[in-house]
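Working notes, beginning with the structure itself.
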């Protein structure tokens, strides 16, 4: 199943991707069920297939403005330094535990949305990643049962303002500028994805490949991340874990390559589609 969130005629909603179109699900499962997060909270996902069987799309992709797949997560937990090549290029030591920081929900932007380069920095960098969407909440989740708590996956671009990231040892300022967290185009459910370790991830800047890796190369795999995170904070339906970026970031190239006004950045992951955004300077 493929679900996305959108803005249409001034109203936000969500829908099922089917036959190259979108079936509008807003309010179909209940008057107050108008977001993917609400579907997950009420455990209504299994009803969607039956309710849409034989139904034609209500509109096409060009009839809506896509917004972040989960525009209203209670938590966005981002993982740093989770590929060996990226750890090496940053010259940071190995760690026994995941590096975790937070991104705010209101910094996100959907597929085809504009990513804004702030006026205060020229060190504006891409970070292609895979987003993990929690379907079933819990605390102290075991590694063995962790994947049962995952409902689906999506593409993410954890865009970073590098100099602000380095003001101190804490990453938060460089990771939370407005309209810098690309998220989309859609959530593909766990059953359609299968073994996530077989997926490839690639980031392109103006068509040039900048990052190219496999999800099998995660230092801390998904079950370990969920186990670790759920130990210190309960996970809830609709929460998002952004699993880390591969090597090849612009900041660590010689000379560095940063995003600028007019650039097009794409993150593509096997089975999950292509997240595409345009960079515009403030």
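Counting only strands (runs of 3 or more DSSP E) that sit completely within the stretch 192-282, those holding 1 or more residues that are in contact (Cβ under 8 Å) with a residue 24 or more places away in the chain and farther than 18 Å from residue 83 by Cα correspond to 200-205, 240-242, 264-269, 273-281. May I ask you to verify whether residue 129 is in a loop (DSSP other than H, G, I, E, B), in the same structural domain as residue 255 (by TED's automatic domain parsing) and either under 26 Å from residue 159 (Cβ atoms) or in contact with a strand residue (DSSP E or B) (Cβ under 7 Å, 6 or more places away or on another chain) (or both)? Here the answer is no, as residue 129 does not meet what is asked.
Here 201, 226 are screened, and the one residue that is within 15 Å of the chain's Cα centre (by Cα) and closer than 27 Å to residue 142 by Cα is 201.
Filter the stretch 50-61 down to the residues that are within 14 Å of residue 19 (Cα to Cα) and either outside any strand (DSSP E or B) or in contact with a helix residue (DSSP H, G or I) (Cβ under 6 Å, 6 or more places away or on another chain) (or both) and list them by number. Residues satisfying the conditions are 52, 53, 54, 55, 56, 57, 58, 60, 61. Residues in the stretch 87-108 that are assigned to a strand (DSSP E or B) and touching a residue at least 40 places away in the same chain (Cβ under 8 Å): 100, 101, 102, 108.
Residues in the stretch 62-73 that are part of a helix (DSSP H, G or I) and either in contact with a helix residue (DSSP H, G or I) (Cβ under 8 Å, 6 or more places away or on another chain) or within 12 Å of residue 109 (Cα to Cα) (or both): there are none. Considering 244, 238, the condition of being more than 18 Å from residue 184 (Cβ to Cβ) and buried (at least 22 other Cβ atoms within 10 Å of the Cβ) is satisfied by 244 alone. Of all residues in the stretch 90-123, those being surrounded by 15 or more Cβ atoms within 10 Å (Cβ to Cβ), closer than 20 Å to residue 267 by Cα and more than 15 Å from the chain's Cα centre (by Cα) number 3. Restricting attention to the stretch 119-134, the residues being out of contact with any helix residue (DSSP H, G or I) (no Cβ under 7 Å at 6 or more places or on another chain) and closer than 10 Å to residue 260 by Cα number 2. Taking the stretch 161-185 as the range and being outside any loop (DSSP other than H, G, I, E, B) and either over 24 Å from residue 134 (Cα atoms) or outside the structural domain of residue 122 (by TED's automatic domain parsing) (or both) as the test, the residues that pass are 161, 162, 163, 164, 165, 173, 174. Consider the stretch 257-273 and keep the residues that are under 25 Å from residue 119 (Cβ atoms) and in contact with a helix residue (DSSP H, G or I) (Cβ under 6 Å, 6 or more places away or on another chain). The one that is surrounded by the fewest Cβ atoms within 10 Å (Cβ to Cβ) is 257.
The values are calculated or read from the model by the stated rules, or taken from the named source; none is laboratory data. In this text, all values refer to a predicted model and were calculated from it rather than measured experimentally. Methodologically, a virtual Cβ is constructed for each residue, glycine included, from the backbone with ideal geometry; neighbour enumeration extends over all protein chains shown.
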